[in-house]
Amino acid sequence: MELRKTITENGSLVRIASTAALAIIAVRSFVKGKRLRGLVAAGGAVAVGSTVSTLEPTELDVMSETEEPVTESTLDEGAMQCAICSDPIVPGQSRRPNENDKIVHEACLV
């Protein structure tokens with residue numbers, strides 16, 4: 001999730017920088033008397049700038065600072081669960097089948 005946020009922030013920064021650069025090119029072109037180049041650059045600045053303002057906010061942007069983030073359940077779909085204590089069995093934890101061929105923690109069998 002952190003990577004998505006970073007990519008989104010970088011994309012916005014690139015769009016803002018592109019808009020500023022195109023606006024500067026447009027102004028300089030108009031000052032030099034090159035109207036066609038100025039119009040093209042201004043149109044590009046407007047097009048790129050409008051995508052910056054219409055980007056949808058991410059979940060993290062919408063969430064206020066007082067809210068706590070919603071965390072995923074400790075049991076993902078397809079995760080193993082102990083048949084005795086109903087706790088999740090995490091990778092690397094010792095486990096084995098019981099007499100009913102159900103997966104359980106090794107500590108729960110004792």
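The values are calculated or read from the model by the stated rules, or taken from the named source; none is laboratory data. These figures come from a predicted structure and were not determined experimentally. Don't worry about glycine lacking a Cβ; one is built from the backbone with ideal geometry, like all the others, and counts go over all protein chains shown. Remember, those area values only see protein heavy atoms, side chains included, never the ligands or the DNA or RNA. Shrake-Rupley method; radii C 1.70, N 1.55, O 1.52, S 1.80 Å.
Descriptive notes on the structure:
- Other residues lying with their Cβ under 15 Å from the Cβ of K102 contribute a combined charge of -2, Lys and Arg counting +1, Asp and Glu -1.
- Probe 1.4 Å, all protein chains present, accessible-area order of T19, T51, largest first: T51, T19
- Heavy atoms of V104: accessible area, 1.4 Å probe, square angstrom to 10: 0 Å²
- Rounded to the nearest 10 square angstrom, S12 shows an accessible area of 30 square angstrom against a 1.4 Å probe.
- Put simply, the amide H of R95, placed in the peptide plane, has neighbours under 5 Å in E106, leaving out anything fewer than 5 places away on its chain.
- Fully extending the segment from Q81 to V52 would add 5.9 nm, taking 0.36 nm per residue of separation and subtracting the current Cα-Cα distance.
- For N98 and V27, the difference between the fully extended length at 0.36 nm per residue and the C-alpha to C-alpha distance is 17.9 nm.
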